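Just so it is clear, none of the values below were taken in a lab; they were calculated from the coordinates. Computed from a prediction, not measured in an experiment: that's the story for all the values here. Every residue, glycine as well, gets a Cβ built from its backbone with ideal geometry; the counts of neighbours run over all protein chains shown.
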């Protein structure tokens, strides 16, 4: 590595309103030699708006591994580099991890330039507990995988934060209601920082119905926030569900035992099935 290696700046950009761009971020983008962008068209629009001329380099999930090596060479040649995503903070459900990890492994300097994040923006205004939260990115796209995935966080006491596209949000809210219980409080945040910004509050069941009947609320990308499980009651309930599962699984196939245990206890069939798989794996 050259002694004059460049710096990798991880630059947060606005999630909607360009007025949210920070002065520090603008100063960095004006000074760096190269801007690596998830979508160069979005980046060009941003840079042009602020009168910035910069060399653009496409860096996205489809070319991340190969591009990271090329960008490391850019840094090692002594040139500075800014990494941006389409909107918000890079690496938060956006590409960048491979590049940052590689840069740190080579002893290169990595500097975060803070700014907007849709998850934090939504959490700050949702009215759900924010002292503990779990960010989960985008849920799996297929229903069965999504429900199995959600079962793994059903007992999490912190607020759950998801990203989702508007066209899949109704289905995901239905999956959340099926796995976590339709009565859980939740918030759908849409068009954050833009003119038509909306926050919808209600139970998971209510929100699924609201989106089903309002096409406008299914446009764009959303942030879904769900209250966490009651830590005390949730732990007691989970132990009882797993006790019943253990009794039934001794004499029945796991899938049947999980379904029956869920009927008896009111628990989640998907969560109990995953618990059963984990126990069976641990006993091998």
Under a 10 Å cutoff between Cα atoms, tell me which one of 108, 192, 150 has the largest fluctuation in the Gaussian network model of the chain. 108
Taking the convex hull of the Cα atoms, report for the chain its projected area averaged over all directions, in nm². 17.8
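So if each residue of separation counts as 0.36 nm, and I subtract the Cα-Cα distance between residue 62 and residue 240, what length gain in nm does that give?
Numbers: separation 178, 0.36 × 178 = 64.08 nm, distance 4.49 nm.
Extra length available between residue 62 and residue 240 comes to 59.6 nm.
Work out, step by step, the length gained on full extension between residue 197 and residue 134: first 0.36 nm times the residue separation, then minus their alpha carbon distance; give nm to one decimal. Display every interim value, and only then the final one.
On the way: separation 63, 0.36 × 63 = 22.68 nm, distance 2.31 nm.
That pair, residue 197 and residue 134, stretches by 20.4 nm at full extension.
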Please give, to one decimal in nm, the separation of the simple spin-label points placed at residue 104 and residue 165, each 7 Å out from Cα toward the Cβ. 3.1
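Taking the Cβ of each residue in 247, 72, 92, 15 as the centre, tally the other Cβ atoms inside 10 Å and list the residues starting with the fewest.
Ordered from fewest to most neighbouring Cβ atoms within 10 Å, 247, 72, 92, 15 come out as 247, 92, 72, 15.
If you wrap a convex hull around the C-alpha atoms of the stretch 119-228 and split its volume per residue, what is the figure in Å³?
Once divided by residue count, the hull of the stretch 119-228 is 82 Å³.
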For the stretch 1-108, convex hull volume per residue from C-alpha positions, Å³: 88
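What list do you get for 45, 60 if you sort them by fewest beta carbons within 10 Å? It would help to have the intermediate numbers written out before the result.
Working: 45 11, 60 16.
Listed from fewest to most nearby Cβ atoms, that is 45, 60.
Starting from the Kirkwood radius over alpha-carbon pairs of the stretch 1-55, derive D by Stokes-Einstein at 25 °C in a medium of 0.890 mPa s and give it in µm² s⁻¹.
Details: Rh = 12.1 Å.
Translational diffusion coefficient: 202 µm²/s.
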Could you put 221, 240, 61 in order, starting from the residue whose Cβ has the fewest other Cβ atoms within 10 Å? 61, 240, 221
Between residue 24 and residue 212, what's the calculated FRET efficiency when r is the beta-carbon distance and R0 is 45 Å? Round to 0.05. 0.55
How tilted is helix 269-282 with respect to the longest principal axis of the chain? Cα atoms for both, answer in degrees (0 to 90, nearest 10). 80
Listed residues 186, 58, 43; largest mean-square fluctuation, Gaussian network over the chain with Cα springs below 10 Å, found at 58
